[in-house]
Amino acid sequence: MKIKVLGSGASEGFPAIFCNCDSCIKARKAGGKNIRTRSQFYVDEDMMIDFGDDTYYHSLNENISLSKLKYLLITHSHIDHYNPTIFRYRGGYYATELYESVLKVYSTPTVKEIYENMDRGKPMDEVKSKIEFNVPAEFVPFSIGDYTIHALQAIHMKNEKCYMYLVEKDGKRVLFGNDSGYYPDETFEYLKGMHLDLVFLDCTFGLHSYGINSSHMGIPENLKVKERFYENGTADDSTVFVTHHFTHTCGSTHEELCEETEKHGLLVSHDGMLFEL
Ligand SMILES: [Zn+2]
Ligand SMILES: [Zn+2]
Ligand SMILES: [Zn+2]
């Protein structure tokens, strides 16, 4: 499996879109891995995880033809993960090609509800644009193409079910673990004995902690997840852990984050980071 991190930042981006705090000034000046667009992943050139504000930019930057995308997994309705206007441009005079393949979308109930109720969030010609929206149940694996997908329960929004996705292919397993605070017991239990090869952890707060009950995590909570994964047989020394989805108020540069996380055997994601399993 080839996994590319298209965006590694939180919802406001890093530097944040309207912010001029010291962190954002530093990030703008340093550039490179300190520029973090909104979180998105690209898997084996036919699957994406999330479809937020920077999807168009990522498609240009990474030379991705979105019309050829087959599978899309959406974690929740925050706009950095699902911009409800993008589908409008797949069809009608915005996209005049006839699609050979159906774009299969898997999402939470709320994301589907938003899609269905948003007149301008749907393609102009729904028949020709071939979008199929599905809502998988959590903890019930399903197959699409050569993939097996598991929707897992995240802890993120009070009034909305939010998913994380475990993607399996060719004997390898990747957990796309954002957005979420410290995982619920049900998720840890489900993953018991299921060895993961690559794990992306929500690390919105960077080196800071806002406690175990927060809707996001920092390194201290990431380490607690890692520890429990080891105890449960979900991870061992061959598992690669990657911290991800950073907000500007975390106050650390990419280099500062790397320095601290390396001590704990974690990597720090950046835009354009590539993994081959
Ligand atoms: Zn987010
Ligand atoms: Zn800032
Ligand atoms: Zn979110």
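The values are calculated or read from the model by the stated rules, or taken from the named source; none is laboratory data. The structure presented is a predicted model; accordingly, all values stated were derived computationally and were not measured. Every residue, glycine as well, gets a Cβ built from its backbone with ideal geometry; the counts of neighbours run over all protein chains shown.
Side notes on the structure shown:
- In summary, TYR183 fulfils each of the numbered conditions (1) touching a Gly at 6+ places or on another chain (Cβ under 6 Å); (2) more than 16 Å from ligand 2 (Cβ to nearest atom) with the single exception of condition (1).
- Any hit, region 222-236, residues being assigned to a loop (DSSP other than H, G, I, E, B), among the β-branched types (Val, Ile, Thr) and out of contact with any helix residue (DSSP H, G or I) (no Cβ under 8 Å at 6 or more places or on another chain): no
- Close pairs from region 29-56: first polar (S, T, N, Q), partner within 13 Å of ligand 1 (Cβ to nearest atom) and in a strand (DSSP E or B), Cβ under 6 Å, at least 6 apart: THR37/GLY7; THR37/GLY9; SER39/GLY7; GLN40/GLY7
- Checking each residue in region 85-134 for being hydrophobic (A, V, I, L, M, F, W, C), out of contact with any strand residue (DSSP E or B) (no Cβ under 8 Å at 6 or more places or on another chain) and assigned to a helix (DSSP H, G or I) picks out only VAL127.
- Test: residue in region 77-85 that is away from ligand 3 (no atom under 16 Å from the Cβ) and either closer than 26 Å to ALA151 by Cα or touching a residue at least 12 places away in the same chain (Cβ under 8 Å) (or both): yes
- Single residue of LYS112, LYS70 found to be in contact with an Asp or Glu (Cβ under 6 Å, 6 or more places away or on another chain), more than 16 Å from ligand 1 (Cβ to nearest atom) and closer than 26 Å to ASP202 by Cα: LYS70
- VAL135 vs. criteria modelled with pLDDT of 95 or more, β-branched (Val, Ile, Thr) and touching a helix residue (DSSP H, G or I) at 6+ places or on another chain (Cβ under 7 Å): yes
- For SER65: the one exception among (1) small (Gly, Ala, Ser); (2) in contact with a Lys or Arg (Cβ under 7 Å, 6 or more places away or on another chain); (3) away from ligand 2 (no atom under 16 Å from the Cβ): (2)
- Single condition GLY251 does not satisfy, out of (1) more than 16 Å from ligand 1 (Cβ to nearest atom); (2) of a type in the set (Gly, Ala, Ser); (3) modelled with pLDDT of 95 or more: (3)
- Condition broken by HIS245, with the remaining ones in (1) under 13 Å from ASN178 (Cα atoms); (2) more than 16 Å from ligand 2 (Cβ to nearest atom) satisfied: (2)
- Number of the condition not met by ILE25 [criteria: (1) within 17 Å of the chain's Cα centre (by Cα); (2) free of Cβ contacts under 8 Å to residues at least 12 places away in the same chain]: (1)
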